[in-house]
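Bear in mind that the values in this text are calculations on the coordinates, not laboratory data. What you see is a predicted model; the values in this text were computed from it and never measured. Cβ: placed from backbone, ideal geometry, glycine included. Neighbour counts: every protein chain shown.
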Amino acid sequence: MSNRLISWFKYASPQSFYPLAGRMIPWFWALTAVFGVIGLWVSFFVAPTDFQQGEGYRIIFIHVPAAWMSMFLYVVMATWAGLGLALNTRLSGMMAQAIAPTGALMAFLSLWTGALWGKPMWGAWWVWDARLTSALILFFLYIGFIALQAAIDDARRADKAGAILALVGVVNVPIIYFSVKWWNTLHQGSTINLAKAPSMATTMLWGMLLMALAFWMYSIAVALTRVRAIILEREAHTEWVKDLNEVKA
Amino acid sequence: MLTATGLSCVRGERRLFAGLDLAVGPGEWLHVQGENGAGKTSLLRILATLSPPAEGEVRWQGEPVTVLAEDYRRAMLFLGHHGAVKEELTPLENLTLAAQLDGTTLDEANALSALMRFGLRGREDLAVRFLSAGQKRRVLLARLAVRKATLWILDEPFTALDVKAVDMLSGLIESHLAAGGMAILTSHQSMPLPNGRILSL
Amino acid sequence: MNAVLAIIRRDLLLAMRRKSEVLTALFFFIIVASLFPLGIGPESALLRTIAPGVIWVSALLATMLGLARLFAPDHADGTLEQMVLSPTPLGLLVTGKIAAHWITTGLPLVLLAPVLGIQFDLDVGALGVLVVALLLGTPLLSLIGAIGAALTLGVRGGGVLVSLLVLPLYVPALIFGAGAVESHISGLGAGGHLSLLAALLALAVFFAPWATTAALRISLE
């Protein structure tokens, strides 16, 4: 047990995590490709044409996984941030910082695809649907986190301040989601729902799950690449970074 | 007795000092010296528990200050670069409010006599905004006189003071030490006080 | 407890000596709300519909104005350090400061809101609901805003940044606050909205000072 604890803390130091991340990244890219190819094949060729919405519905294979990921990633980011505050490990803050842009991208992607889907379905690019509105506010929360970290020069302070914001955000996300839903029902919002496409075929569900897995793998690969860059930037003054082959070259 | 062992401080990517030990006993004072940017203020802020040290520990009467928390803060008085004096309030209001913030009460007569002692007679009802830089520092010194603390941590207390005020402050520190108090301060001037030690960063 | 009352009294005294700041936020509130009819038109049925939203959004913006000055002066002149070093727990002192902030910015908004409501042709019942909703909602705005103010303390472009951080978090307060008045007007009763607003306030009273305190300590390190 104690052995395992030690090795955990070993990998919690940026110096040991840097090469480990480097070895993991190709695997996650490979998995992204595998899941992505199969997922796209299922969603374009296997899943049946929807009898109500035609071919246009196929955008949900991007939209729904992106929306899931934007929410998951916020929780993952807040978890790392909270760990960083509680255990005072440097890597946790770097992980949170590395995840934020991908989370913001996912939130943006879900808004954009939502708009593309909304035009043929509702006849408008933007509808104040509860899900879309929540996604918009989640996007703002990501932007706030990134802006706060960017505005603070001292990296350790930026990590800690960002961590508090992420934790406050994670408490608020369910409240915001609930309040927006409440607001939506009060104002008699649209009854068509993106994720609850009527009589969703099993193959559609499979397509979505495969695409969600591809998005997961992509997010991990990108976050690890980004965290490697952050480690290099923050530890640039240390000996081990100067000794790295890629830095010498 | 204040002791610190193995203190180190990192600011950004620079290590200001490392492996620093110090001890101050009753009646003693410590003069922290060093060039600009050597970490004098950082050391004082660590000793005052305003920022945590990167490594090492500060103990008060043998107990870690992080454990003592408010008991330590009650025994300690910290005066930083900024005086914590509100420009819009009068010296008298500043003094009584600072005392209330410290968890004590200060009656008006005591506050007035402290202000008079520091040459602020007739200024007690004027907003601090209208006082000169030296007079503002004097308001702070009056706070030293009224606050009962064993350990004084003073960052550049002689800045902006005229000769007379410097003497007054030296006298104040001397009587504080004579009564068994302790002091840690930074200053560019040399200080003719007994029982002093110099710590060079 | 003495120190908490002292800090409230001190902040109120400071606000009295700097009346212009308090009044600026108030007039901002009035002006913003008065611009909407000019932009939309004087038709009273339309104004009645948008009134709760407009008054609430104006209140959010007016509260934002004062946030930058919640901790910044204390940070600049060293008072914040003395608060951290006070034997009284920082969380209590911070709660005191937030209370003073509400008394100087939130409470005047509550008192002025009925006047604006009359401009928007709200009836007496709706005005009453508006006041109660603001009474529950404006402390919530001060509490959440304090977290943002503490996080951006001493940070480049803090004044603009604070709005980016805080406004998304204000969404539930806006929805339930404006919703209370709307559902009263539409005859559904405001009870549900108001109790949700009160629940949010209770939650914020517990958590916001704690988060603000943690953020303040970080900014002082």
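Summary table
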item: Dipole moment magnitude, nearest 20 debye, the stretch C:2-220 about Cα centre, only Lys, Arg, Asp, Glu C-beta charged; result: 520
item: Modelled FRET efficiency - R0 56 Å, C:Leu111 with A:Val37, Cβ distances, 0.05 increments; result: 0.30
item: Efficiency of FRET between B:Ile198 and A:Glu246 - r from beta-carbon atoms, R0 41 angstrom, step 0.05; result: 0.30
item: Rounded FRET efficiency, nearest 0.05, which uses the C-beta distance separating A:Leu232 from A:Phe44 and R0 of 35 Å; result: 0.35
item: Residue pairs, from the table B:Lys86/C:Lys97; B:Lys136/B:Lys164; B:Lys86/C:Lys19; B:Lys148/C:Lys97, whose Cα atoms sit over 18 Å apart; result: B:Lys148/C:Lys97
item: Mean shadow area of the protein assembly as shown, taken as a quarter of the surface of its Cα convex hull (nm²); result: 35.9
item: Spatial separation of Cα centroids for the stretch B:88-104 and the stretch B:137-201, in angstrom; result: 20
item: Where labels lie 7 Å past Cα in the beta-carbon direction, separation of B:Asn36 and C:Leu92 in nm; result: 4.2
item: Partner chain coverage, peptide C:69-77 - average Cβ within 10 angstrom; result: 2
item: Per-residue mean of C-beta atoms belonging to partner chains within 10 Å, peptide A:136-144; result: 4
item: Point-charge dipole on Cβ atoms (K/R +1, D/E -1) for chain B, about Cα centre, debye to 20; result: 300
item: Inter-centroid distance (Cα atoms) of the stretch A:114-179 relative to the stretch C:1-80, Å; result: 25
item: Cα centroid separation - the stretch C:142-176 against the stretch A:35-84, whole Å; result: 31
item: Per residue, the convex hull volume that the Cα atoms of the stretch A:1-137 enclose (Å³); result: 144
item: Helix-derived mean residue ellipticity, 222 nm - over chain C, DSSP H n ≥ 4, -39500 (n - 2.57), to 500; result: -28500 deg cm²/dmol
item: Residue-span extension gain [A:Trp27 to A:Ala201] - 0.36 nm each, minus C-alpha spacing; result: 59.5 nm
item: Other protein chain Cβ atoms within 10 Å, averaged over every residue that makes up B:71-77; result: 2
item: Label-point separation, C:Arg17 to B:Lys164 (7 Å along Cα→Cβ), nm; result: 2.4
item: Computed helical MRE - 222 nm, chain B, DSSP H runs ≥ 4 contributing -39500 (n - 2.57), nearest 500; result: -10000 deg cm²/dmol
item: Packing-based ranking, highest mean first, of A:75-87, A:114-126, C:91-103, C:32-44 given that Cβ atoms within 10 Å are counted; result: C:91-103, A:75-87, A:114-126, C:32-44
item: Spherically averaged projected area in nm², based on the convex hull that wraps the Cα atoms of the stretch C:2-220; result: 11.9
